[in-house]
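Asks: Below is one structure. I have some questions about it.
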Amino acid sequence: QVLLSSAMAPKQGKGQVRRGSATASAKAAATAPVAAGKRKAAGAAPPAKRVAPAPDAQRVLLGAGTPALPGGCGALPLHDGGQLPVLGFGTYKLKDNECEAAVVAALRAGYRLIDTASIYDNEPAVAQALRNSGVPRSEVVLETKLWRSKHGYESTLKEARLSMKRLGVDYLDLYMVHWPGCKTGWPLKRGTTAPKDWTPEMRVTGTWRAMEDLYLSGKARAIGVCNYSIRHLQEILQNCRVKPHVVQVEIHPRLCQTDLRQFCRKHSIQVQAFSSLGQGLAGLIEDPTICRVASAVSKTPAQVLLRWAVQHGMAILPRSTKPERVLENGQVGRVVLSAKQMQDIDELDEGRRVTWQQKDPDEEE
């Protein structure tokens, strides 16, 4: 997803659809017409209409690996002809100067996808890091997310504008819905939600409709969802004009999510894994199987865990504030696991979640 102008795109053969065309992607990606009739759900969008892509949307999203990292992992194809870099840099829990320094180190090391979110409260730090890194904006994929308290059509459009302002950009490379449900619990009063008019239908009639319009207008080069279950994805696919390009979910050997990955493969939706190392709670770094495989391939347990995800066809988002770890994580393209090693790691699956207080997103109505 490093952005190159369409003039720099590879030449296409006679009769081929132009890669990166939002118009072509809308036609190819739409899986079903929007349901007829008036939508009464609160937070719903105006009646759906086709939007001509802005000139800026005529781009090829290219993730060609990381030039400063000989172990760069390349890219995964998106359903509209774009590509998603396999290797990205996560910024969850990184704040202010620490976030800025870590992102600068990652960019200078060759990373070209930076993952953030409005709720992380570090978009300005990411913006400053980009300015300080010396890496052109056109070479960096910025990925951010809509928080769950902001579901709804107008709210989604507004939040996208605010994220762009905080990031100092006029378009987002990948905009994601952070969670399928609304905000509940602290600091809200018991029994209340944010947004106040939340209904499950709002996911599609409001939020996803706005995501589609951001994509079709060129303000978001790709759109996706985080923490959505198969059921949630089916809701979108049955009612969308443009299906998600990417789904970001917790995946590691304790939570392989095989059914979800197979579903996404069937529908040409790329999977981006977070918490690939299990956040230390799943005991993966010290697991005897992981350590044995790491010893056999002369790599670290962290590299084995990252490579396991990559070899299963997923994109990854390792995070570290230590420059040596940033470089180490970037070398996963040089690691190769055998079929037997992959199978041994697969067998560690327990269906065990370590994020979102172990809540299964499918519990969201």
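Asks: Over the range 142-211, what percent of the accessible surface lies on carbon and sulfur atoms, probe 1.4 Å?
Replies: 55
Asks: I've got another one for you. For the range 259-317, state which chymotrypsin sites (Phe, Trp or Tyr not before Pro) are in a DSSP loop and have at most 13 other beta carbons lying within 10 Å of their beta carbon.
Replies: Answer by residue number: there is no such site.
Asks: Report the calculated FRET efficiency for Arg265 and Glu139 (r = Cβ-Cβ distance, R0 = 45 Å), to the nearest 0.05.
Replies: E(calc), rounded to 0.05, equals 0.95.
Asks: Return the ratio Rg/(2.2 N^0.38 Å) for the range 125-243, where Rg is computed over Cα atoms only.
Replies: Compared with the compact-globule rule of thumb, the range 125-243 sits at 1.12.
Asks: Please get the size of the charge dipole for the range 319-360, origin at its Cα centre, with Cβ charges of +1 on Lys and Arg and -1 on Asp and Glu, quoted in debye to the nearest 20.
Replies: 300
Asks: Can I ask one more? Using 7 Å Cα-to-Cβ label points, what is the Ala194/Asp96 separation (nm, one decimal)?
Replies: 2.2
Asks: Keeping all protein chains in place, calculate the accessible area per residue for the range 99-210 (probe 1.4 angstrom), answer in Å².
Replies: That works out to 38 Å² for each residue.
Asks: When the Karplus curve 6.51 cos²θ - 1.76 cosθ + 1.60 is applied with θ = phi - 60°, which whole-Hz ³J(HN,Hα) does each residue of the range 185-192 get, with x for Gly and Pro?
Replies: Once rounded to whole Hz, the list reads x, 3, x, 6, 5, 4, x, 10.
Asks: Hey, if you put +1 on the Cβ of every Lys and Arg and -1 on every Asp and Glu Cβ in the range 177-225, which of Gly218, Gly206, Ala194 ends up farthest toward the positive end of that dipole?
Replies: Final value for the positive-end residue is Ala194.
Asks: Taking H placed 1.01 Å from N in the peptide plane, check which residues at least 5 places from Phe89 or on another chain put their amide H under 5 Å from its amide H.
Replies: Those lying under 5 Å, H to H, from Phe89 are Leu113, Ile114, Asp115.
Asks: Then there is this: For the range 287-365, what % of the accessible area comes from carbon and sulfur atoms, probe 1.4 Å?
Replies: Here it works out to 44 percent.
Asks: Given a cut-off of 26 Å, name the pairs among Lys322/Lys359; Lys145/Lys340; Lys150/Lys243; Lys266/Lys299; Lys150/Lys359 whose C-alpha atoms lie farther apart than that in the structure shown.
Replies: Exceeds cut-off: Lys322/Lys359; Lys145/Lys340; Lys266/Lys299.
Asks: Using θ = phi - 60° and the Karplus relation 6.51 cos²θ - 1.76 cosθ + 1.60, list the HN-Hα couplings for the range 245-253 in order, rounded to whole Hz, with x at every Gly or Pro.
Replies: 7, 9, 10, 9, 9, 5, 8, 7, x
Asks: Would you please give the residues with an amide H less than 5 Å from that of Phe274, counting only those at least 5 places away or on a separate chain, with H modeled from the backbone geometry?
Replies: Val249, Glu250, Ile251
Asks: Please state the charge dipole magnitude for the range 240-356, taken about the Cα centre, from unit charges on C-beta atoms (+1 on K and R, -1 on D and E), reported in debye and rounded to the nearest 20.
Replies: 480
Asks: Next question. Tabulate in residue order the Karplus-calculated ³J(HN,Hα) for the range 310-316, using 6.51 cos²θ - 1.76 cosθ + 1.60 with θ = phi - 60°, rounded to whole Hz; enter x for Gly and Pro.
Replies: 4, 5, 8, x, 9, 8, 10
The values are calculated or read from the model by the stated rules, or taken from the named source; none is laboratory data. All figures in this text were calculated on a predicted structure; none of them were measured in a lab. Neighbour counts are summed over all protein chains in view; Cβ atoms, including those assigned to glycine, are modelled from backbone coordinates with ideal geometry. For the accessible areas, the whole protein counts, side chains as well, though only heavy atoms, and no ligand, DNA or RNA atoms are used. Shrake-Rupley method; radii C 1.70, N 1.55, O 1.52, S 1.80 Å.
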